[in-house]
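All remarks here apply to the structure that follows.
The values are calculated or read from the model by the stated rules, or taken from the named source; none is laboratory data. Remember, predicted model here, so these are calculated numbers, not experimental data. Positions of Cβ are generated from backbone atoms using ideal geometry, with glycine treated the same way; all protein chains shown enter the neighbour counts.
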Amino acid sequence: MSTPLLFRKTLFHICDGLGAGLSRFSGPSRVAVVYALEDTGPVFIHDPQDLLREHEPKIREIFSRFPPPLCPAGPAYDGFIPCADVQLSGIISFGARSAPLPLQMWFTDHHPDICSVLPTQRWLEQACRLMVQSMESRACTVENAGFILHDFALHAVRDAIVDERSRSIMDSRLRVYTVLAAILDLSKAREEGRLPVGEMAFVEPDLVDTIHYMAKLDPHERPLLQDTKHVRKLLQAVEGTRHRLVCDGTHIIGIGAGRLPDYSIGAEFLGSYGFISLQEEKICSFADGSLHSSTREPILVALEETLVEMRWPAHHIYGIMHMVLEIVKSAQERRHGCALILDYGTPLAHTSGQRLTSALNLRRLAELDLAKTLARVDGALHIDIRTLRLVAFATLMDGKAVPGESRARGARYNSALRFSAEHPDLFVVVVSADRPISIIQHGAELSTRCEWQPQGRDVGSPLPLEQWASP
């Protein structure tokens with residue numbers, strides 16, 4: 001049995017919109033789908049960017065018999081039976097069964113810096129629903145399905161929050177769309193040129209009186225949540241404190257402290273970015289008026305993997321990673337670039353810079369804090385990672401031109417490429433002011449990202465499971 005042309009067209013539009021939308025939310029994201037068009041199979045796989053490669057044994061084990069043994073993710077409704085994540089390493093999945101489509105399971109990348117998988121799963125659930133609706137020729141045309149998934153971030157976060165809150169609160173009066181819209185508006189509101197810093201809590205109206213208030217506003221003078229300028233001014237009252245503005249979804253009630261009622265929504269504003277949480281668990285971040293999945297923590301997986309391959313003791317690798325992470329986070333918070341030369345050579349590489357008569361011991365908190373401030377000076381920190389000591393700062397990195405240089409990446413990045421090409425026993429960590437982090441060794445950037453090309457109009461035909469999984 002081959003896949004009908006109309007179904008293939010629907011598949012392309014949903015894959016295209018889903019991949020584009022998730023890439024904006026989480027960074028470059030691939031998508032794949034496993035499906036069956038009839039109650040007795042066969043099972044097909046559409047994986048245009050090889051997301052599922054290296055998972056063939058598990059895919060074959062799950063889907064080789066029909067119907068596959070998939071755990072339900074929730075109660076059935078309108079003939080739509082959701083299926084839970086199938087637990088593939090590095091992949092998020094969500095599927096469903098229905099009369100028009102007996103099986104569909106959607107997959108995408110599980111990025112290492114994701115706050116929560118819940119919004120992504122709701123995104124995949126929407127893809128399942130749109131596929132069914134498109135096949136039934138109701139509520140959604142083929143082309144519209146892709147457009148809906150392209151801009152689904154707000155809805156995915158809202159659905160994730162509503163689903164989690166519904167486990168405890170059956171009849172909520174807190175309108176999550178209104179809350180999310182207000183958070184995004186506030187994130188862009190400046191007061192005397194400064195973006196907001198402080199915390200807000202959005203509490204179910206019936207539970208606002210259970211909070212301990214440091215200050216409670218007169219009921220007749222409580223600002224509306226939609227009055228962004230007024231709320232932005234009030235946020236200054238909790239900046240730099242452990243207190244938070246409390247809102248019932250409509251009005252600002254006062255300034256509260258201590259434990260919040262269960263399933264309250266939290267918003268933490270940190271200037272240019274912030275986080276949305278539920279039950280004190282981060283759901284997503286926001287920046288520039290948009291929602292994102294990122295924890296905004298530095299990603300140093302490539303460095304850690306390379307150190308592990310060098311077979312150094314685990315406690316020493318931990319010390320290196322802790323030191324690098326602290327310096328990188330400090331640079332990002334202060335919004336300046338920097339570079340770290342992580343040298344393990346014998347002897348250390350000869351460098352031009354401000355050498356110290358007594359190296360700083362970066363295991364000591366005070367000396368690590370000093371290294372963070374020295375990272376602001378032009379040039380690199382030169383660190384002996386065998387002893388975790390800073391031997392020089394404001395270090396110049398030079399060398400001959402190497403392949404892979406890019407004018408788009410700036411002088412610090414290209415200097416690191418050249419310098420590492422001529423000194424094999426070191427790494428260079430390059431932190432850009434706009435947040436990207438590069439780990440460079442032997443004149444090339446180390447990366448844990450999957451290299452793939454965006455799909456075009458010709459994405460190939462879905463393959464039967466047996467053919468796809470064959471060697």
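In the range 212-267, which residue that is outside any loop (DSSP other than H, G, I, E, B), within 28 Å of the chain's Cα centre (by Cα) and among the charged types (D, E, K, R) is nearest to residue 167 (Cα to Cα)? The selected residue is 244. Residues in the range 196-206 include at least one that is surrounded by 20 or more Cβ atoms within 10 Å (Cβ to Cβ), in a loop (DSSP other than H, G, I, E, B) and among the charged types (D, E, K, R).
Of the residues making up the range 268-281, those that are closer than 16 Å to residue 160 by Cα and surrounded by fewer than 18 Cβ atoms within 10 Å (Cβ to Cβ) are 279, 280, 281.
Restricting the range 297-344 to residues that are in contact with a strand residue (DSSP E or B) (Cβ under 6 Å, 6 or more places away or on another chain) and in a loop (DSSP other than H, G, I, E, B) leaves a set whose member that is farthest from residue 390 (Cα to Cα) is 298. Taken over the range 154-178, the criterion of being more than 20 Å from residue 126 (Cβ to Cβ) and surrounded by 19 or more Cβ atoms within 10 Å (Cβ to Cβ) is satisfied by 174 alone. Checked against the criterion of being under 21 Å from residue 418 (Cα atoms) and hydrophobic (A, V, I, L, M, F, W, C), the candidates 331, 339, 314 yield just one match: 339. When 274, 254, 258 are checked against the criterion of being outside the structural domain of residue 429 (by TED's automatic domain parsing), under 23 Å from residue 177 (Cβ atoms) and not acidic (Asp, Glu), a single residue qualifies: 274.
Restricting to the range 393-420, name every residue that is surrounded by fewer than 20 Cβ atoms within 10 Å (Cβ to Cβ) and part of a loop (DSSP other than H, G, I, E, B). Of everything in the range 393-420, those that are surrounded by fewer than 20 Cβ atoms within 10 Å (Cβ to Cβ) and part of a loop (DSSP other than H, G, I, E, B) turn out to be 398, 399, 400, 401, 402, 403, 404, 405, 406.
If you go through the range 369-392 and keep only what is outside any loop (DSSP other than H, G, I, E, B), closer than 26 Å to residue 335 by Cβ and in contact with a strand residue (DSSP E or B) (Cβ under 8 Å, 6 or more places away or on another chain), you end up with 370, 371, 374, 380, 381, 382, 383, 390, 392. The set of residues in the range 345-367 that are outside any strand (DSSP E or B), buried (at least 17 other Cβ atoms within 10 Å of the Cβ) and among the aliphatic types (A, V, I, L, M) comprises 348, 349, 362.
Residue 45 fulfils the conditions (1) of a type outside the set (D, E, K, R); (2) in a strand (DSSP E or B); (3) in contact (Cβ under 8 Å) with a residue 60 or more places away in the chain; (4) surrounded by fewer than 20 Cβ atoms within 10 Å (Cβ to Cβ) except for a single criterion, (4).
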